[in-house]
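The values are calculated or read from the model by the stated rules, or taken from the named source; none is laboratory data. Treat the numbers as computed from the prediction; the structure is a model and nothing was measured. FYI the Cβ positions are ideal-geometry reconstructions off the backbone, even for glycines, and counts take in every protein chain you see. Remember, those area values only see protein heavy atoms, side chains included, never the ligands or the DNA or RNA. Shrake-Rupley method; radii C 1.70, N 1.55, O 1.52, S 1.80 Å.
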Amino acid sequence: QVQLVESGGGLVQAGGSLTLSCAASGLTFSSYAMAWFRQAPGKERLLVATIHRQGTSTSYADSVKGRFTISRDNAKNTVYLQMASLKPEDTAVYYCAARLLVIGYAWEEYGYWGQGIQVTVSS
């Protein structure tokens, strides 16, 4: 049974930092591209960042480029999202997602999802 479990969310002031973690189990982690998505209330789920299954390439939404960093540790079956210079518009539920072998850029392409974790940035 595949499980993705996010942690590290919470409330932070604008300009602050948070690091999200997503621990995976029940799959061969190094065979999966990973991604972070986010969804604000009443809005669609949007891609934030992706990382190749070996960590050799990453991509970011324009809205977070230069502020967020995605990384992974295949020995720990964990993917991270370091978030800095947070803004109120970053407030959302953040989800990690896994896709076998290749990176996807739409949420429909990801077969495994975490339960989501709230990040709230106060102004």
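Structural remarks
- At most 15 other Cβ within 10 Å, DSSP loop - trypsin sites (Lys or Arg not before Pro), the stretch 21-95: 43, 65, 67, 76
- With every protein chain in place, the chain: carbon and sulfur % of accessible area (1.4 Å): 49 percent
- Restricting the stretch 18-123 to GluC sites (Glu not before Pro) that sit in a DSSP loop and have at most 10 other Cβ atoms within 10 Å of their own Cβ leaves 44.
- Karplus-derived HN-Hα couplings along the stretch 46-59 (A = 6.51, B = -1.76, C = 1.60, θ = phi - 60°), whole Hz, x at Gly and Pro: 10, 6, 9, 7, 10, 8, 4, 4, 9, x, 7, 8, 9, 8
- Highest-first packing order for the peptide set 23-36, 110-123 is 23-36, 110-123, based on the mean count of other beta carbon atoms within 10 Å.
- Dimensionless Rg over Rh [the chain; C-alpha; Kirkwood]: 0.94
- Between the amide H of residue 91 and those of 121, distances stay under 5 Å, these residues lying 5 or more places away or on another chain, with hydrogens modeled in the peptide plane.
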